[in-house]
């Protein structure tokens, strides 16, 4: 029986529709079928009976003059019932996979950063323009990164994210400004959460090593055993 992945996409400055389609195609051979949702409230409503909630989106309040042309279409604040539902979904055994801009989403909900394990902080967090760098597995032992070698990728390096104290990075960058965490995984209640800071555009999603990490991340998040995760 296929696993259900509710995949929230949409936002500015990133090709979310294309990268979400790439991700759905990548996960399908693993028996994970993705339902793409553009409306965050509808996505949360679809979590009943789902196994995985993936956020490949950039939906937040969009304060600042820079976002004036986009605010009417894309600014968003998740309702309180939807916040409760997401937290319950994870605590009850659901998997959460946050990609790249997921750390910026839902900026007026502190609980989102608690679920994800970290969040973007306006005025502190930043990133250089997309460019090539090396993604290096850390010393932490985990089935998502076990046996994975360092790899060069062209992407954005999200820097100075506010990580929660119990988060242990599994992958880090060699950015000139200092190593930045790129991937972490954690258990919350009966559920599992993975955040992958990579994924700016299709180049990242088509990178062989990153694809391997995404397959493993999704399988681990839905509770597969270590051997199946490592074989992905």
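Of note:
- Applying 1/(1 + (r/R0)^6) with R0 = 22 Å to the Cβ-Cβ distance of residue 18 and residue 75 gives a FRET efficiency near 0.45.
- Computed from label points 7 Å out along Cα-Cβ, the spacing between residue 164 and residue 65 is 3.7 nm.
- Mean Cβ count within 10 Å, highest first, over the residues of peptides 120-128, 108-116, 181-189: 181-189, 108-116, 120-128
- Neighbour counts of other Cβ atoms within 10 Å put 154, 65 in the fewest-to-most order 65, 154.
- The calculated FRET efficiency for the pair residue 190 and residue 150, based on their C-beta separation and a Förster distance of 30 Å, comes to about 0.35.
- Cβ-Cβ FRET estimate between residue 88 and residue 42, R0 fixed at 25 Å, reported to 0.05: 0.90
No value in this document is a laboratory result; all are computed from the given coordinates. Quick caveat: nothing in here was measured; it's all calculated off a predicted structure. As a convention, Cβ positions derive from the backbone with ideal geometry for all residues, glycine included, and neighbour counts pool all protein chains shown.
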